[in-house]
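One structure coming up, written as structure tokens, with questions to follow.
Any read-out appearing in this document is the output of simple, stated calculations on the displayed coordinates, not a laboratory observation. Note that the structure is predicted; figures quoted are calculated from it, not measured. All Cβ positions, even for glycine, are placed from backbone atoms using ideal geometry, and neighbour counts span all protein chains on display.
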Amino acid sequence: MSTTTVPGPAAIGSTAETAPDPARTRRRRTLAQWGFVAPAVLFMLLFFGYPLVRNIVMSFQHYTPSTFFTGKAPFNGLDNWRNVFGDDLFGKALWQTIVFTIGSLIGQFCIGLGLAVFFNRRFPLGGVLRALMLLPWLVPMVVSGIVWRRILDQDTGVLNSFLGLFGIGHTPWLTSTHVALLAVTLVNIWIGIPFNTVILYGGLQELPREVYEAASLDGASAWRTFRSITLPLLRPVVTVVLVLGFMSTVKILDLVLALTDGGPADSTQTLGTLTYQDSFVQLDFGTGAVVGNVLVLISAVFAVFYLRANRNEGK
Amino acid sequence: MTAHPPNGPWPRRRRARRPVLVALTAASAVVAGAALAGCGQSRDPGVYTVLNSSTDDSYHSWDAATLERCSKRLGVTVRQQSVPADQVMTRSLRMASSKSLPDIIQFDGSEMPAFAETGGLLDLRKLGVDTTDVPQGIVDYGSYKGTYYGAARTVNTLALFYNKDVLEKAGVKVPTTWDEMRETARRLTQGHRYGIALSAGGAEDGVYQFTPFMWSNGGDETHLDSPQVVQALDYWKSLLSDGSLSKSTINWTQADVNDQFMAGNAAMMINGPWQVETLDTKKSLHWGIAQIPVPRAGEDSVGPLGGGELTIPDIGDTAREKTSAQIVNCLTSEQEEVTYALNSWMIPANRKAAAIWRKKVPSLSSLADQVAVARSRTAEVGSGWTSVSLALQSAFQSALTGQSSASALKHAQARVESGK
């Protein structure tokens, strides 16, 4: 191996520690670093950047089926935005999305946390039960939706037959404009419990045992221990669960389509179903893009919260 | 210790890294290329593609057999590509933008105008598709703004299905007017069994089912808030308030309605002939079929026309398009229509084929009468039908869950007008 590979003026004055040609080496290194980053950046640009920009541009265009033939989508300024924000249905869908998301998160998180704490103790068959808990997660969303639609049927559904034993078997789960959103939320809670349980359970397993021992030596009650030790220590995991839960809930589409199709009378219409309806039923892609952008914006705001929370944890 | 050894390996590693870099860049480029391409495939001469929604096993095999026969007759290969019914439109649009349209697309009649409006469909008559034996109503069904774009092989409509045993036991006749139907439904409602089932679901199914009530009463989709439409919706409400119709009706598709009827949870139902295949799987069920009752005795029962239409998209290759027209001619020939109609329990579009079919299935002849006067949903509003449909769904669901029919329909009409 040659040890005199670096000739030229750059070698002059080089020490044992630095490279013979610092500028060139740095350039090479930068190039190499970019080489490694490039695929990721390209991927992001292609699959996230491009669609996002397109979606934003599309929301200012009159984008109809003809566009697919001619490639022409004339810009129409704020028309699409005005249409969407002037539509009662948008306000309704926004409100229902908020209620649905908050309701789902509270339900999923509370039950998920309860179950995680429960499974955190060791007991016979605990592992088996924990595995069974994952089932709702494994069932495809559309299948869950269709099965639940049958379960919740007012006359022939299993749930009402069961409730009938107690004399309260006539709940119009999916057929009343007042109850349908609640029913959809409850089904979504059922779907979201395993995710919350698994992540929170993982978090609980990581908590240091000594703190609990100290607490029990101090004679802290179970509730006090949970409130003053478990919850604060679990905070980073809680943030992750809630933010991820939020982002997957706010864009809900498949479950609603399978359960109620947004009905009855638009009472379960969410931003997700609205953008679907605008784009793929009405074939007015510009309007659909507006609703889509609102959804992206909402998610982005929460993503920022999430990143900030993470950064604070790091400090 | 020399000054250089630590740096020694560098040049070599650098040299070794360059290919890695190249490989990475190349890989990225391939990914990018694959994403951007995937379009503009060239068409294989002699191989023709039909895009349809025959994802159902039996439909897929019937179509395969039909296409096989037509392939032989024309000396070409015709393949089918089946996607779920609600994806035919979006798939076709995507194919249009990537210049890879199939040779023939089978659209649902209510969707065809939206695609025709783009100018992407060809006039079938100019390509040599003959309509002499097709009744005017069905020609209109396949037309948009006076041009014939869609050739139906078979059409369907809605009818009143009834459980013969239940009606016989109760000693009631098959109803022919709204009042009779309301009365019969009330009498047949017992225990877990409702008098009638229909779909008022929040999708095209529900709207399809509402149209015969709206139209037979003289109502029209251009004036959703007219008294005739309000009356029709009030009639639905009366069935619900009598308890003859399940409240779940607003969450049912037409397939759900059929399930309810088959399970004995409904004595009568509004549904289409495409359910017959399923109905006949239950041997113990004796069902009959009749025209949908009319508001007043002696009036015409006006039902909706439904069913797929074969269209030829503009692919910019006249020779190919002419062959596609021959394929359409073959698929809509008397013999093929009868075969397809007998399989799928629908009614042949061609007049002569319908006559043959009537003799073979006399039990469904009332359907053939209904088809003769049935109406196309898009004849008046064209590609505006989807707005009407969405507004109407919301309106009847609001009305069936408590709002007054008049205010719900007024809102619907306003919604349609503001959308334009």
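Tell me which residues come under 5 Å, amide H to amide H, from B:MET346 once H is placed; ignore anything under 5 positions away on its chain.
The answer is none.
Sticking with this one: Which residues' amide hydrogens lie under 5 Å from the amide hydrogen of A:ASP153, considering only partners 5 or more residues apart or on another chain, with H built in the peptide plane?
A:VAL158
Kindly point out which whole DSSP H helices in chain A project their C-alpha atoms 18 angstrom or further along the helix axis while averaging a Kyte-Doolittle hydropathy of 1.0 or above.
Qualifying helices: A:88-120, A:180-206, A:231-250.
Mind jotting down the distance between the C-alpha centroids of region B:224-264 and region A:206-265, whole Å?
First find each Cα centre; the distance between them is then 44 Å.
Counting DSSP beta bridges in the protein assembly as shown, what percent are antiparallel, to the nearest 5?
60
While we're here: Take every residue in peptide A:263-273, count the Cβ atoms of other chains within 10 Å of its Cβ, and give the average of those counts.
5
Set Lys and Arg Cβ to +1 and Asp and Glu Cβ to -1, take the dipole of region A:186-257 about its Cα centre, and tell me which of A:GLY192, A:PHE246, A:TYR212 lies farthest positive.
A:PHE246
Taking the Cα centre as origin and putting +1 on Lys and Arg beta-carbons and -1 on Asp and Glu beta-carbons, what dipole magnitude results for the protein assembly as shown, to the nearest 20 debye?
Charge dipole of the protein assembly as shown: 3300 debye, to the nearest 20.
Taking Cα pairs under 8 Å and at least six residues apart, what relative contact order does region B:115-168 come out at, in percent?
The normalised contact order for region B:115-168 reaches 30 percent.
Can you sort A:PHE226, A:PHE69, A:PHE162 from fewest to most other Cβ atoms within 10 Å of each residue's own Cβ?
Exposure proxy ranking, most exposed first: A:PHE162, A:PHE226, A:PHE69.
Dividing the convex hull volume of the alpha carbon atoms of region A:89-314 by its residue count, what do you get in Å³ per residue?
Hull volume over Cα atoms, normalised by residue count, gives 153 Å³.
If you don't mind, another one. What are the lysines whose alpha-carbon lies under 19 Å from the alpha-carbon of B:LYS282, with same-chain residues fewer than 8 places away excluded?
B:LYS164
Further question: Across the residues of A:56-69, average count of Cβ atoms on other protein chains within 10 Å?
Across A:56-69, the average partner-chain Cβ count within 10 Å equals 4.
While we're here: Please name which of B:GLN106, A:GLY114, A:ALA222 has its Cα lying farthest along the dipole of the protein assembly as shown towards the positive end, using unit charges on Cβ (Lys, Arg +1; Asp, Glu -1) and the Cα centre as origin.
My answer, from the dipole projection, is A:ALA222.
While we're looking at this one, here's another question. Rounding to the nearest 20 debye, state how big the charge dipole of region A:89-314 is about its Cα centre with +1 on each Lys and Arg Cβ and -1 on each Asp and Glu Cβ.
Value, rounded to 20: 560 debye.
So, one more: How shielded is A:144-156 by partner chains, expressed as the average number of their Cβ atoms within 10 Å of its Cβ atoms?
Counting other chains' Cβ atoms within 10 Å and averaging over A:144-156 gives 3.
If I histogram all Cα-Cα distances within the protein assembly as shown using bins 10 Å wide from 0, what percent of pairs lands in each bin?
Percent of Cα pairs in each bin: 2, 12, 18, 21, 18, 12, 8, 4, 3, 1, 0, 0.
Can you show me the helix-derived [θ] at 222 nm for chain B, built from DSSP H runs with n ≥ 4 at -39,500 (n - 2.57) apiece and divided by the number of residues, rounded to the nearest 500.
Counting only the DSSP helices, I get -15000 deg cm²/dmol.
Within chain B, which whole H helices from DSSP have a Cα span along their axis of at least 30 Å and a mean Kyte-Doolittle hydropathy of 1.0 or more, if any?
Within chain B not a single helix satisfies the rule.
Normalised by the number of residues in chain B, what is the relative contact order in percent for Cα pairs under 8 Å and 6+ residues apart?
With pairs under 8 Å counted, the relative contact order is 23 percent.
Quick check: the distance between the Cα centres of region A:20-43 and region B:305-377, to the nearest angstrom?
Centre-to-centre (Cα) distance: 65 Å.
Give the order of A:ARG149, B:ARG358, A:ARG54, A:ARG122 when sorted by the count of other beta carbons within 10 angstrom, beginning with the fewest.
Lowest to highest Cβ neighbour count: A:ARG122, A:ARG54, B:ARG358, A:ARG149.
Given the rule -39500 (n - 2.57) for each run of at least 4 DSSP H residues, summed and divided by the residues of chain A, what is its mean residue ellipticity at 222 nm, to the nearest 500 deg cm²/dmol?
Value at 222 nm, helices only: -21500 deg cm²/dmol.
Next up: To make sure I understand the rule: partners must be aspartates and glutamates, Cα under 20 Å from the Cα of B:LYS145, and not fewer than 8 residues away in the same chain. Which ones qualify?
B:ASP108, B:GLU111, B:GLU117, B:ASP123, B:ASP130, B:ASP220, B:GLU221, B:GLU309, B:ASP314, B:GLU380
Here's something else I'd like to know. Work from the charge dipole of the protein assembly as shown (Cβ charges, +1 for Lys and Arg, -1 for Asp and Glu, about the Cα centre) and give the residue of A:VAL57, A:GLY126, B:VAL294 farthest towards its positive end.
So the residue furthest toward the plus end is A:GLY126.
Would you mind telling me the antiparallel percentage of the DSSP bridges in chain B, rounded to 5?
Counting only bridges with both partners in chain B, antiparallel ones make up about 60 percent.
Could I ask something else about it? Evaluate the relative contact order of region B:270-348 (contact order divided by residue number), counting alpha-carbon pairs under 8 angstrom at least 6 apart; express in whole percent.
33
Check B:TYR144: other-chain or 5+ apart residues with amide H under 5 Å from its amide H, H built from backbone geometry?
B:TYR149
Based on the Kirkwood radius over alpha-carbon pairs, what value in µm²/s does the Stokes-Einstein equation return for the translational diffusion coefficient of region B:263-420 at 20 °C and 1.002 mPa s?
Answer, rounded: 112 µm²/s.
Continuing with the same structure: Grab the other residues whose beta carbon is less than 10 angstrom from that of B:GLY306, score K and R as +1, D and E as -1, and report the net.
Once positives and negatives cancel, what remains is -1.
Oh, and also: Taking every pair of distinct Cα atoms and averaging 1/r, then inverting, what Kirkwood hydrodynamic radius in Å comes out for chain B?
Evaluated on chain B, it is 23.8 Å.
Then there is this: Among B:LYS283/B:LYS359; A:LYS92/A:LYS251; B:LYS169/B:LYS283; B:LYS173/B:LYS359, which pairs are too far apart, with a Cα-Cα distance over 20 Å?
B:LYS283/B:LYS359; B:LYS173/B:LYS359
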